[in-house]
Each structure stands twice: as C-alpha cells, then as structure tokens.
Amino acid sequence: MKTKKLIFSMTILMLTCVIEASAQTVWLDELNLSNATQGNGVPMKNKSLDGKPMRIAGKTFSRGFGTHAESMLTILLNGKAKTFTANVGLDDEVNGHNPEVEFVINGDGKTLWKSGLMHQGDTARPCKVSVENIKKLELMVTEGTDGNYYDHADWADAKFETTGVTSLETYNPISNVPYILTPAAPATPRINGARVFGVRPGSPFLFTIAATGDRPMTFSAKNMPKGLKLDSHTGIITGKLNKKGTYVIRLCAKNNKGTAEKDLRVICGDHIALTPPMGWNSWNCFAGEVSADKVKRAADAMIKSGLINHGWTYINIDDFWQNHRDSKDKNLQGEFRDKDGKIVVNARFVDMKPLADYVHNLGLKIGLYSSPGPWTCGGCAGSFGHEKQDAESYAKWGFDYLKYDWCSYGEVSDGDSQKDPNKVPSFSMKGGNELETAMKPYRLMGEYLRQQPRDIVYSLCQYGMSDVWKWGGSLNGNCWRTTHDITDTWKSVENIALAQDKAAPYAKPGNWNDPDMLVIGTVGWGNPHQSKLKPDEQYLHVSLWSLFASPLLIGCDMEKLDAFTLNLLTNDEVIAINQDPLGKEAACVQTIGKMRVYVKQLEDGSCAVGFCNFGIDEANLSYKDFSKLGISGVQNVRDLWRQKNITKVNTATGALSIKVPAHGVLLYKFTKAK
Ligand code: GAL
C-alpha cells in the first residue's frame, strides 16, 4: 500500500516537473508585428513609434511593441497560452501634448481586460490576463475620447506564458489583392452626377455637366432659364438666376457614337448643397505641406483623370494657407493680418483670387478652411474677432466652400478678451459640449457667409460635439463632421461607421452628416503611402459613405490615382446612391452576427442596401428578411459595383444568396418589378 502511494506521489511530482519544464515565455516582440494595423507610422519592435527607447512616465523599457491608436493586433493562441502580461502606457515622446488612449484586450470576442482611459504622464499600468483556452486574442489601443492625436502607445514588457510552444502566430485574414468591379464607361455619351442643384437668387451660377463618353462631345440644353448660358464645348453652365423657382433643364450630350439626355432640376431658393458636396481636400495627403501649386495640380488632375465627368467638383484647401504662429518654415512666417485686420495669405499661396479663377475656369469650385478660434488646429491664424472680414475676403476671392474647424475656440469661448491668444493651445475641445458655447461661433460665421453675394457651402468641423446634427442646419450649416479625424486604418473606418446611426435621421438635402474624408489612394498627411485599408475595406468605406449621403471628399494625392482607386471613384451607380435627390441617410436596420444591413431610401421608390461585413470571416447566408428592408412583392436586384442585374426575388417566398468577404460589402439596389 505504502509503495503504491509513493509511486503515485512520485508520478505526480514528475508530471508537474514536466509541465513546468514545458511552460515557456514568448515575448510579444518575437511575433510578426507587421500584421498589426494602426493609425499612424509602422508597428515598432522594442521601440516607441518614433523609433526611440520606450519610456512611460520616466521609466525605460527594453522590450515591447510601440504603436499608435487605433491599433489592433490579432494573435492566434489556439489554446496554447496561459497568461499575457504587459506594462502599458503612452510614450514620453509625446510630452507636451495631452493624448488619451485605452488599451483593450479581447479574447474570442469577449473583453478580457481594459486599462481604463490613460493620459500622457500616467505611470505604466500593469496587466495580467489569463488567456487559457483562448483561440483568438486581440490587443487593441483605442483613441479614447479625443480622437487619435499623438496617441503613441506602448505595450511594454509584453509576453505570454505558453503551454510549451515556443512561438505564436499573428493573424490578419483580410485579403490584400485588389480587384476592379466598376465597368468602364461606354463610348456613347452618358450624363452622370447630381440631378438636382440648388442656387440662391443673384449668386454666380456654376454647374458643369458631368458626362462620360468619347470626346469631342457637344453639349446643348432645352428650357435653359433666362440668365444662364451653356458653353457647348465644355458643358459648363454659368450666369445668374434672379428669380426664385424650380427650373427643369433638359441637358443633352452628343458625340460621334450617340446622344444622351437627362433632366437637371435647378432650385433657385434659400438652400444650396442639395446633394452632398463631392470633391477633393488637401489635408489627408499634404497636411501642412499644401501650396497653391499643389492645389492647381490637384485641379488639373481632376480634369485629366476624368473624375470631373462623374460629378467631382470641389477643390478644397485645408489648413496651412495662412501664416503660422511658430513655424520654422520661412514660407509660413509673417504677419497674420494686414493693417486693416484682413487675413494675410502665406507665401506659398500669395494671392487667392487668381487661384480661384484658375479652378473656376476648369469648371470646378474651390474651398477654404479656417477656425473660429485665434488658431487653427495646425497653429495658423484663425478667424477669432475677424469673422466678418474673413467671410468678405473669402467671397471676394471667389471661394465656394468653407470648412470651419473648432480648434482653439474653446479656450477663448468665455469671452476673456484679456487672454493672451499666444498662450491658447491650437487644439482643445473645451466648451464644445455646452450647447450655447458650441453653437455661438458657428452662428456668427454662418450669418456672415449668408450676407456674401455668392453661395458658400458651410462645413462645420467640431467632431460632433453637442450633437451638431441637431442644430447645424439652423445656423446655415450644410454639413458637419460627426466624429474625430479619420485615418487609413480599418479600426478608424469601422469606429466611425458604427457611430453614424444616431445622426442619420437628421440628414436631408442641404444638411449632411460628415463622417470625414475618404482614405483611399495615396494618403499620408505629408508622409505619402498607399492607404493601409485593404481592397475590400475600401469597397466597404466608399459604399458606406455613399449610403450615408455624406460629403465625398477625396483625400489622396490626385496625381497618383491608380486604377483601383479610380475604379472606386468612378462608379456612377454607386455615386448616384450618394447623390440621390431624396437626401436620406442609410440606417442600420439589422445585424446578423458581424454583418450589418444598411438601407437607404431613394427618390424613385427603390432602395439601396449595403450588406456590410464587419467580421473577419466571410459571411455566407441565405437572406429572407426582406420586410426588414421595407420592401415587398417581386423585386429586381441589381449589384451596383458590378452594374449588373443579378436576380429577381419574390420577397414573400424567395431567398437571396449572400456572400460577403471579410470587411467587405455587397451593395445592391432593390426596385419593385413592374
Ligand atoms: C483637424 C480636422 C482635420 C484637419 C486639421 C487641420 O481638426 O479635423 O480634418 O482640418 O484639423 O489642422
């Protein structure tokens, strides 16, 4: 009996030794970190984002993963790890800024640990998480509540204790292979773009007929109201309407292959931007490096690439056309205002009027950027105290669009005129969540813009504070950002997309929710690179922004448009969803696992439906919930990206086979069969 007990105890002891001997440490930095996606820069091994030794609140760490929010790294543990430990925090290299992030660990779809919101200067927070039996582990850094500015985040000392394996795999299952769906436009003429156009009485009129097809092409129009004239070679309509009213103009485009006709409804009244503005903005590619030359080249590329033939119109200059408060760049140094208080344009732009004329002569429109505070977000001169003069300057130069960015306004919103504007930070959200404070500067500029003798689309940029979608329109606003800045990562696009539902019911013609600019093509905020979004993610991004009826502003370098990006920007049936005159924004009507179904009602009684897969596995199902889409009877189903009728479905008895790639989309239009 005794011997038996002894043998048993020895066996247990040996087994324990074997198990302990096989337990193994695998450091996070030994894994393939290139599968991580992050808001800025590249994943860093044992270094901070800027390539320095990792330091959190004065303490240096020799091992770990340096990243930038929104950051996501998926690791396939397959039950082979027991614990994960790390010390997390914001890196000291962003001292002086005040970023905020949260570190989050998910295992098999459940949250296992959260750091809570962390700020620059916080001591590293230790985390120890049991990951036993977990198959897929996600290490995330979210942007906190303040956008992803300066979010240099460190997973320091990060390591796994495994069940004995000596390595672990990271995972990013989304395909990298681009594929083109948009069919080439036919050689015969086709008139694309908006079907309705708003203008105020007395304002200069500029509308370019967007038409694809072989050139030369000649344009003509029937029922052209008095005061407007059409250039038959360029298709540009100019002039002025003095009387309020609705004018239906029959547009015609002709080439040696055929003729196309289409009605344009011109509504001369109080409202403009009756369909979401479409164009380009300098920020996502050039950021602080923008210049008049780059703007002209972007405008030229809008013509050369043929994008103008699909309705792309605005060429918008973002921050950095003014002088800067402390830049080392000589071109940005100089007085902020002249002796009369008028805003001074920096040496990269010199004179705005000829630039605006240049853009208008191409049949395009031009936009500008400022802040209601003393400083823009980038630290250039803002409009505070000079709102009237600035609105007058923009109109005199010939601008058609103003993006007005909150930035430093919160710091002066208490009306403290004694406050030294030089000490006001360029970016702060102070005051933005108090409704009256939030509205005040936008009301002021909105009134001055309305007094100008031209139509200026007014874009409010304050990241959605105080539910701007509820009141932006009442201050003459035409569109308003609903979230913080976008970056070219899946997490950023996903978070923004998922945050739109609450604002959706407020969208209508002339009043658009703006989930920020497109992050496709060569973007990079002065550090150019191909968008880090995978092809399917880009299809989803453009589809959703079309369903959201959001302003479509291309954020990439227009001289580097590749075939895939052009395919995303030239699908007239997708664009038509965005530009539909009814002006409804899609809402999510159903969630099936990780798939969200969005429906946008269209003017002709049909509807656009986006089957959007936010999951990392292909969605493959037989769809029957047609009542959720608000449709009945027999419906024709058209695939808008492929521009193909795919089937007819009886919504009472039939089913639709749906196969959506991971992070991808099917964008369909349902039209009742006659
Ligand atoms: C941000 C804004 C960006 C860009 C930038 C310029 O606040 O959201 O879109 O305009 O300022 O500094």
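The values are calculated or read from the model by the stated rules, or taken from the named source; none is laboratory data. Predicted model, so just to flag it, every value in this text is computed and none were measured. Counting neighbours? That spans all protein chains shown, and the Cβs are built from the backbone with ideal geometry, glycine included. Accessible surface is based on the protein model in full, side chains and every heavy atom, while ligands, DNA and RNA are left aside. Shrake-Rupley method; radii C 1.70, N 1.55, O 1.52, S 1.80 Å.
For this structure, a couple of remarks:
- Just one residue in the set W490, W469, W480 is under 30 Å from P173 (Cα atoms), aromatic (F, W, Y) and surrounded by 18 or more Cβ atoms within 10 Å (Cβ to Cβ); that residue is W490.
- With respect to (1) within 16 Å of the ligand (Cβ to nearest atom); (2) under 27 Å from Y314 (Cβ atoms), the lone exception for Y358 is condition (1).
- Extreme residue, farthest from the chain's Cα centre (by Cα), among residues of the stretch 615-662 that are within 30 Å of T489 (Cα to Cα) and open to solvent by less than 10 Å² (accessible area, probe 1.4 Å): Y623
Conditions (1) open to solvent by 10 Å² or more (accessible area, probe 1.4 Å); (2) more than 16 Å from the ligand (Cβ to nearest atom); (3) touching a Cys at 6+ places or on another chain (Cβ under 6 Å); (4) in a helix (DSSP H, G or I), marked per residue:
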residue: D414; (1), (2), (3), (4): yes, yes, no, no
residue: S426; (1), (2), (3), (4): yes, no, yes, no
residue: K430; (1), (2), (3), (4): yes, no, no, no
residue: K440; (1), (2), (3), (4): yes, yes, no, yes
residue: L444; (1), (2), (3), (4): yes, yes, no, yes
residue: Y448; (1), (2), (3), (4): yes, yes, no, yes
residue: Q452; (1), (2), (3), (4): yes, yes, no, no
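- Residue match in the stretch 347-365 (condition: at negative phi, in contact (Cβ under 8 Å) with a residue 60 or more places away in the chain and in a loop (DSSP other than H, G, I, E, B)): yes
- Per this entry, V266 is not counted among residues that are under 23 Å from the mean Cα position of the chain (by Cα) and not basic (K, R).
- The strands (runs of 3 or more DSSP E) located wholly in the stretch 237-339 that include 1 or more residues which are among the acidic types (D, E), open to solvent by 70 Å² or more (accessible area, probe 1.4 Å) and touching a residue at least 40 places away in the same chain (Cβ under 8 Å) occupy 258-268.
- Lone qualifier among P225, P186 - being open to solvent by 50 Å² or more (accessible area, probe 1.4 Å), in a loop (DSSP other than H, G, I, E, B), out of contact with any helix residue (DSSP H, G or I) (no Cβ under 6 Å at 6 or more places or on another chain) and modelled with pLDDT of 95 or more: P186
- When the stretch 379-398 is limited to residues that are open to solvent by less than 20 Å² (accessible area, probe 1.4 Å) and in contact with a helix residue (DSSP H, G or I) (Cβ under 6 Å, 6 or more places away or on another chain), the one that is nearest to A438 (Cα to Cα) turns out to be S383.
- Among the residues of the stretch 543-578, the one identified as without any contact (Cβ under 8 Å) to a residue 40 or more places away in the chain and either part of a loop (DSSP other than H, G, I, E, B) or open to solvent by less than 10 Å² (accessible area, probe 1.4 Å) (or both) is W545.
- Tally, over the stretch 602-622, of residues that are within 16 Å of A549 (Cβ to Cβ) and of a type in the set (D, E, K, R): 2
- Residues that are within 23 Å of K430 (Cβ to Cβ) and surrounded by fewer than 24 Cβ atoms within 10 Å (Cβ to Cβ) were ranked within the stretch 130-166; the one that is modelled with the highest pLDDT is T142.
- Tally, over the stretch 376-412, of residues that are away from the ligand (no atom under 16 Å from the Cβ), free of Cβ contacts under 8 Å to residues at least 40 places away in the same chain and assigned to a helix (DSSP H, G or I): 1
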